[in-house]
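Student: Quick one: the structure is below, questions incoming.
The values are calculated or read from the model by the stated rules, or taken from the named source; none is laboratory data. Computed from a prediction, not measured in an experiment: that's the story for all the values here. Cβ placement follows ideal geometry from the backbone for every residue including glycine, while neighbour counts extend to all protein chains displayed. These accessible areas exclude ligands, DNA and RNA; they are computed on the full protein's heavy atoms, side chains included. Shrake-Rupley method; radii C 1.70, N 1.55, O 1.52, S 1.80 Å.
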Amino acid sequence: MMTRPNFFLTALLAIGCAGMSGGCKPSAVESKGEAAGEPIKIGQFASLTGKEATFGISSDEGTTLAVEEINAAGGVLGRKLKLLTEDTQSKPGEPATVVNKLIARDGVVAILGEVASSRSLEAAPICQQSQIPMISPSSTNPKVTEVGDYIFRVCFIDPFQGTVMANFARKTLQAKTVAVFTDAKSDYSKGLAKFFKEKFVANGGTIAVELDYNGGDKDFKAQLTAIKAANPDAVFVPGYYTDAALICVQAKQLGLNVPFMGGDGWESEKLVEIGREAVEGQYFSTHYHPDVGSEQSKQFLQHYRARWQGKTPDALAACAYDSVIVLADAFKRAGSTEGPKVRDALAATKDFAAVTGNISIDTHRDASKAAVILQVKDGKYKYLETVAP
Ligand code: PHE
């Protein structure tokens, strides 16, 4: 059996202590604050600011609601939950810094996050090495949970999402040729592009052209001109909302008027704010829609609106809410908050009724769940269909 990687945590603590103005906790083990009656500390890392800020804000609203509800009902194992949240600023480098802090300085017993796969991938090795279970609410790249047996997610993965959109493109839109426009800096985008292409070609379709951009770019005209020249029936943009919206706007300006499609990364109220009429009629797949779902999902919608000034939850909020209730259920079944026990309990999650569907954690520590396909209609997201795995 592996013992705790103390050299690693000690090094982290040393860094943490040097930079701290207040007192420094004496050891990683004591800093766990695991005394009976003390709250159970859960860490969350999320992009509360920066170019994917709506991902982090929605997630935080979902986790906060779940924690408040659990605490109002008496907590877990006779203890309250305490959520400690750190901002990744939508930037590489930040996830490692803030997750180290949450574990070594704050002594959290589990980590929730991130949304963006690249940022989850950055933090996952730290959680794995520290034996702190991590649950990503909505990172869909397969590599995230491959990091190790402490890393879980409560959402589907991109081989499935890519298949859903490739079938939609080929069968529903009847597209024969598709252009694929990928964010070269994003693990999510590269993975989803690959899985989409494989399935679209297997369906008898042709990839007219493949081009790249770098997340955060402002000018996509050169690539869009090349895409227009290839004359595809549709364009697949597996990126995040700010870039996707700007891409749709500039495509319209260039007279590229074919359907555009994306994945869950499009999901943000900002997509329509930035994209306006250029995103009207476009399609994307995601994890949740407020109009459909179980009793659980209807209740969540009501409670979320009541808690967050009438705001309608998006998929990020729903997945994040689910990450908390799945974790709390694992604490209960484990009868403990110790990493290895919680890991085993998470791995044994079966048919757990959650907001985004019934969650069973498979042998890869992923959740196999249905996707929904939405269309932008009058600046809102209209539900089109549910696709089961
Ligand atoms: N699935 C995306 C990723 O892995 C993140 C995302 C999930 C974005 C849900 C929006 C909605 O990077």
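Student: Name the residues in the range 169-182 that are out of contact with any Leu (no Cβ under 8 Å at 6 or more places or on another chain) and open to solvent by 10 Å² or more (accessible area, probe 1.4 Å), would you?
Tutor: Narrowing the range 169-182 to residues out of contact with any Leu (no Cβ under 8 Å at 6 or more places or on another chain): 169-178.
Scanning the range 169-182 gives 170, 171, 172, 173, 174, 176, 177.
Student: Within the group 181, 196, 168, which residue is touching a Phe, Trp or Tyr at 6+ places or on another chain (Cβ under 6 Å) and outside the structural domain of residue 120 (by TED's automatic domain parsing)?
Tutor: Values: 181 fails: touching a Phe, Trp or Tyr at 6+ places or on another chain (Cβ under 6 Å); 168 fails: touching a Phe, Trp or Tyr at 6+ places or on another chain (Cβ under 6 Å).
None of the other options fit; the residue is 196.
Student: Restricted to the range 122-136, and to residues that are of a type outside the set (D, E, K, R) and open to solvent by 10 Å² or more (accessible area, probe 1.4 Å), which residue is farthest from the ligand (Cβ to nearest atom)?
Tutor: Across the range 122-136, the extreme among qualifying residues is 131.
Student: Could you grab me the full set of residues in the range 209-225 that are assigned to a strand (DSSP E or B) and farther than 17 Å from residue 177 by Cα?
Tutor: Going residue by residue through the range 209-225, those that are assigned to a strand (DSSP E or B) are 209-213.
Those that are assigned to a strand (DSSP E or B) and farther than 17 Å from residue 177 by Cα: 212, 213.
Student: Restricted to the range 193-228, and to residues that are in contact (Cβ under 8 Å) with a residue 40 or more places away in the chain and of a type in the set (Gly, Ala, Ser), which residue is most open to solvent (accessible area, probe 1.4 Å)?
Tutor: Looking at the filtered set, the residue picked out is 216.
Student: Would you confirm, using the coordinates I've provided, whether residue 98 is open to solvent by less than 10 Å² (accessible area, probe 1.4 Å), closer than 30 Å to residue 309 by Cβ and not assigned by TED's automatic domain parsing to the domain that holds residue 264? Before the answer, list the steps.
Tutor: Numbers: open to solvent by less than 10 Å² (accessible area, probe 1.4 Å): yes; closer than 30 Å to residue 309 by Cβ: yes; not assigned by TED's automatic domain parsing to the domain that holds residue 264: yes.
Answer is yes for this residue.
Student: Taking the stated definitions as given, is residue 190 without any contact (Cβ under 8 Å) to a residue 24 or more places away in the chain and within 13 Å of the ligand (Cβ to nearest atom)? Quick ask: steps written out before the conclusion?
Tutor: Working: without any contact (Cβ under 8 Å) to a residue 24 or more places away in the chain: yes; within 13 Å of the ligand (Cβ to nearest atom): yes.
Yes: the conditions hold for residue 190.
Student: Quick one: in the range 342-366, which of the residues that are in a strand (DSSP E or B) and of a type outside the set (A, V, I, L, M) is most open to solvent (accessible area, probe 1.4 Å)?
Tutor: Let us first name the residues in the range 342-366 that are in a strand (DSSP E or B), namely 352-354, 357-359, 361.
Pick out the ones that are also of a type outside the set (A, V, I, L, M) and you get 352, 357-358.
On the way: 352: 43, 357: 26, 358: 86 Å².
That would be 358.
Student: Working only within the range 273-290, note down all residues that are farther than 20 Å from residue 167 by Cβ, in contact with a strand residue (DSSP E or B) (Cβ under 6 Å, 6 or more places away or on another chain) and open to solvent by less than 30 Å² (accessible area, probe 1.4 Å).
Tutor: 279 - this is the single residue of the range 273-290 that is farther than 20 Å from residue 167 by Cβ, in contact with a strand residue (DSSP E or B) (Cβ under 6 Å, 6 or more places away or on another chain) and open to solvent by less than 30 Å² (accessible area, probe 1.4 Å).
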